[in-house]
1. Taking the stretch 1-89 as the region of interest, what is the percent of Cα-Cα pairs per 5 angstrom bin, listed from the shortest bin to the one with the maximum distance?
2. Counting Lys and Arg as +1 and Asp and Glu as -1, what is the net charge of the other residues whose Cβ lies under 13 Å from the Cβ of Tyr401?
3. Around Ile94, with a cut-off of 12 angstrom between Cβ atoms, what is the net charge of the other residues, counting Lys and Arg +1 and Asp and Glu -1?
4. Compute the accessible area per residue over the stretch 248-341, keeping the other protein chains in place, probe 1.4 Å, unit Å².
5. Measure off, as a whole percent, the carbon and sulfur share of the 1.4 Å-probe accessible area of the stretch 257-334, all protein chains present.
6. With equal scatterers on the alpha carbons only and no solvent term, can you work out the Debye log10 of I(q)/I(0) for the stretch 190-338 at 0.12, 0.14, 0.16 1/Å?
7. Kindly sort Leu76, Leu41 by accessible area of their heavy atoms, largest first, with the probe set to 1.4 Å.
8. A 21 angstrom limit on the alpha carbon distance is what I want to check against. Which of Lys17/Lys92; Lys12/Lys68; Lys61/Lys101; Lys346/Lys384; Lys12/Lys101 exceed it?
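The values are calculated or read from the model by the stated rules, or taken from the named source; none is laboratory data. Keep in mind that what you see is a predicted model, and the values were worked out from it rather than measured. In this analysis, Cβ positions are derived from the backbone assuming ideal geometry, glycine residues included, and neighbour counts consider all displayed protein chains. Keep in mind that these areas ignore ligands, DNA and RNA; they rest on the heavy atoms of the full protein, side chains included. Shrake-Rupley method; radii C 1.70, N 1.55, O 1.52, S 1.80 Å.
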Amino acid sequence: MAQRAIREYDGKAIFSKHWEKYFSGFHYGFRSVTVSSGDELRAKANEHGFEWLKQRALVAKPDMLFGKRGKNNLVLYKTKQAGDVTLEDAIKWIDEKSSYKTILLSGEKGTLNRFIVEPFTPHREDQEYYISATTVGEDDVLYLSAEGGMEVEEGWEKKVNEVVIPIMMDDVSISHLIRANVPLGIPAENKERFITFAEQFYAFYRDMNFAYLEINPIVMTGNDMHILDLVARLDDTAGFMMKDAWCGAEFPTAFGMEDQSAEEKAIAEADAKSGASLKLTLLNPMGRIWTMVAGGGASVVYADTIADLSGNVSDLANYGEYSGGPTTDETRFYAQTVLDLMTRHKDPKGRDKILIIGGAIANFTDVAKTFTGIIQAFEMYADKMKAVGTRIYVRRGGPNYEKGLKDIKEAADRLGLYIEVYGPQTHVTDIVRMALEK
């Protein structure tokens, strides 16, 4: 399956085109525009059918295939201080954000040149829900939560119900399976609505040939559904038969790729074809400390800890993540790329290179499977790793973590590589302290 990310606007347009067919009993008032400048937004507001841009409070945000826009302070919406966002507010904000290079918390940098503008939806936090679907192995998986919004990833295993749906399962069985896995936090008055919507959402995901589809959050007020944020990838092997159904959706270049190194572009291209998340930003090719971190949140924590404990942020060579259940081959490719970069130069001060293989406790990523890919990369680069004096520190938890830790320790010992291995009983970033104190 070749997965291609699409813009939030295009994903919502696909929903709107097929809404009546798939989501009977619910209403979705699709009002959205996509623009590249404030002037374009002003011109759009003068077109017939877009009068709401002058009449409604608005929300504006970049639409360029990256997430965590709220945490990156890249969402303009109603606040207690500023009040409603008007058309002129949105125009000014878009022109300001597109006038300089933006650096995300993830380390990616580039120019913002595509925005989505929509009406502001007043609602309470307890009206926000989370729903997504993807393919893992030979099964589809539906994820359901009574808590939507930016913090859903915090405590994922407690907040989100995972519904594994065998591809050949009939609709009646799927309905029973979803009903049996409704999150406990769904209010009684919304439970039947949520079940019905989840069934319809999965049918839509499957029939429209999505490879990944996430709404976070979706706001349910009676039978009115408000899709506040959406992430989508399409299976472009189905493109020949889905052109009209996909509303001419484009497959844009990911944010920041124009300034990337060859290695960063290679990882970005692998990410675009995968249901997993593969990210790499090269900070300092001569840096001493290199990371392979599982999880976007964990990558931020490790980077901050390394910068804090090393006393010199330039020691951190790279930033990125591999997460979301990457295959063994995808993990091997990611690890090979990092190891190739790490072993090109010795440390200018003659110190050992440090490789941090860290992460929190995985939700559904098979640790042993991903570590098999890393071990395969070790086997290719062992001599080069020893030549630059590499010390490896591992901390991981999650499905099959015991086997993964055992396998990687045995492989490193066999290859003559220095390694220390720790499980979830060790604090998530303690290996950074151990590495720098040695």
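1. 2, 11, 17, 20, 21, 16, 8, 3, 1, 0
2. After counting each charged neighbour, the total is +3.
3. So the environment of Ile94 carries a net charge of -1.
4. On a per-residue basis, the stretch 248-341 sits at 36 Å².
5. Roughly 54 percent of what the probe reaches on the stretch 257-334 is carbon or sulfur.
6. Once normalised to I(0) and log-transformed, intensities are -0.68, -0.85, -0.99.
7. The ordering from most to least exposed comes out as Leu76, Leu41.
8. Violating the 21 Å limit, Cα to Cα: Lys17/Lys92; Lys12/Lys101.
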